[in-house]
Amino acid sequence: MKIGSSIRFNKPRPISSFASVVGKKEGEGPMKGYFDEIVPDPTFGESTWERAESQLQAKTFQLALQKGHFQEFDIDCLIAGDLINQCTGSSFAAKKTKIPFLGVYGACSTMAESLFLAGILVDGGYSNRTAAVTSSHFSTAERQFRFPLSYGGQRTPTAQWTCTASGAVVVSAEGNAPCITGGCIGKVVDLGVTDASNMGAAMAPAAADTILRYLQDTKTKPEDYDAVVTGDLGNVGSLLLMDLLLKQGVNLKEQHQDCGMLMFDEQKQDTHAGGSGCGCSASLLCGYFLPKLEHHEFRKILFAATGALLSAMSPAQGESIPSICHLVEITSQEESSC
C-alpha cells in the first residue's frame, strides 16, 4: 500500500536469518562482540583485493543460510551489491550459486536498498524467500575511489574509513523473526558538495529528506522508534543531519544512531570522521540491531542507509556528489505479529 511517497507492506515480512562478517580493524573496534565472525586476513585467502571482497560476501551469505537452516535451493532470488565497478564483488560471489540474481548499486545505501527490494518481492508474492547481501572492502574502495594503498596519502579530518565488512539477510513470507513493515525509496539529493573526502556533508541532506518524508507519510515522530539508524554519515554528517531536521521541527537527538560512528573508536583507531562503505551499515544491522529486535530489547527501528552516488571519474571532472538515502522500518516479532 502506498502512503504518500512511502510504502506499507500488506503484512510484516520476517527477516528469518541474518549474518555479519568483518575484517581485523572492525573486529578491534567497540562493536567487536556483536559480529558473527572476524577474519584477521584481509585477503581472505585470495590473490587480489577484489577476489577477497567477493569471498567475504560469499562467506557472509553462506553463514546466513547456515544460521537459518536453509539450502541454496530454498532462496528464490539473491539481491546483492557493493562498491566495486559494475558490482563485480557481488556478481563473482553470486556465480558460485545457482540462485537468480539481481545486482544493485546504491553506494553505501545498498543494504537498505537490497533489503527493501527483498521485502517488496516477498510481500508482492513474487518470492517465498529472498536474500539481500552487501559488502565493502577497505582496499578495493581505496584503490578505486582514492589512491593506491602504497601511495600513503594524508587523510583529511572529514575523511571516513571504508569498512571491510558484509551483512546478509533472508526475508521470508512467513516466520517468527524481526519483520520489515515498509519503507521509503530515497530521492537523489545534491546540494553541491564537491569534496570526495567529506561524504558525510554530501549525504546528510539525502538522509534528512527521506527520514522527514517517512515521518510525515506515516504520521509518526522520532519518539515512536527505539532508534533511527543512519548508514555512515560519520561525525560530520550526523551533526549536519541533526541541524537539517531541527530546521524542519524534528528533533532526532535521542533516537539517532549512526553506524559510521559506532564501528570504530575514533581516538584509538585513527579513523577520523568514522566508518563508511556499504558493509558498515550492513554488518551492524545484522550484528547489532537485528539481534536487539530479536531479543525484544528494541521494538521498532528505522534503518536509513545513506549513499554518495559519485564515480571514480566524476570528482576529477569537477562534478558535485549526488546522494541518496533509502529507509526500511523494522519491528520486533512481538510488535508486528508477523
(message) As a footprinting exposure proxy, order Leu215, Leu310, Leu302 by other Cβ within 10 Å, with the fewest listed first.
(response) Leu310, Leu215, Leu302
(request) Report ³J(HN,Hα) in whole Hz for each residue of region 28-45, in order, from the Karplus equation J = 6.51 cos²θ - 1.76 cosθ + 1.60 where θ = phi - 60°; Gly and Pro get x. (result) 9, x, x, 9, 4, x, 9, 8, 5, 8, 10, 9, x, 8, x, 7, 6, x
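Take the Cβ-Cβ distance between Leu239 and Lys67 as r, set R0 to 35 Å, and report the resulting FRET efficiency rounded to the nearest 0.05. Provide the component values of the computation, followed by the final result.
Numbers: r = 36 Å, r/R0 = 1.04.
The computed FRET efficiency comes out at 0.45.
So what is the 222 nm mean residue ellipticity for the chain from helices alone, if each DSSP H run of at least 4 adds -39500 (n - 2.57) and you divide by all residues, rounding to the nearest 500 deg cm²/dmol?
Numbers: 12 runs with 110 residues, N = 338.
-9500 deg cm²/dmol, from helical runs alone.
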(request) Between Lys96 and Gln257, with labels modelled 7 Å along Cα→Cβ, what's the label distance in nm to one decimal, could you check? (result) 3.0
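List the pairs from Lys221/Lys253; Lys59/Lys96; Lys59/Lys292; Lys32/Lys292 whose alpha-carbon separation is above 20 Å, in the order I gave them. Write down the numbers at each step before the final one.
Numbers: Lys221/Lys253 12 Å; Lys59/Lys96 11 Å; Lys59/Lys292 23 Å; Lys32/Lys292 15 Å.
Correct reply: Lys59/Lys292.
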(request) Among the lysines, select those whose C-alpha is under 20 Å from the C-alpha of Lys187, and discard any that sit fewer than 8 residues away in the same chain. (result) Lys2, Lys219, Lys247
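When Lys and Arg each count +1 and Asp and Glu each count -1, what net charge do the other residues less than 10 Å away from Gly175, Cβ to Cβ, add up to? Let's see the in-between values first.
Working: positive: Arg13, Arg129; negative: Glu174.
So the surrounding residues net to +1.
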(request) Sort region 2-172 into rounded, prolate or oblate with this rule: let a ≥ b ≥ c be the square roots of the eigenvalues of the Cα gyration tensor; rounded if a/c is under 1.5, and if a/c is not under 1.5, prolate when a/b is larger than b/c, oblate otherwise. (result) prolate
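Here, each number is a calculation from the coordinates, and none is a lab measurement. All values derive from a computational prediction rather than experimental measurement. Cβ sites come from the backbone with ideal geometry, for glycine too, and all protein chains shown count toward neighbours.
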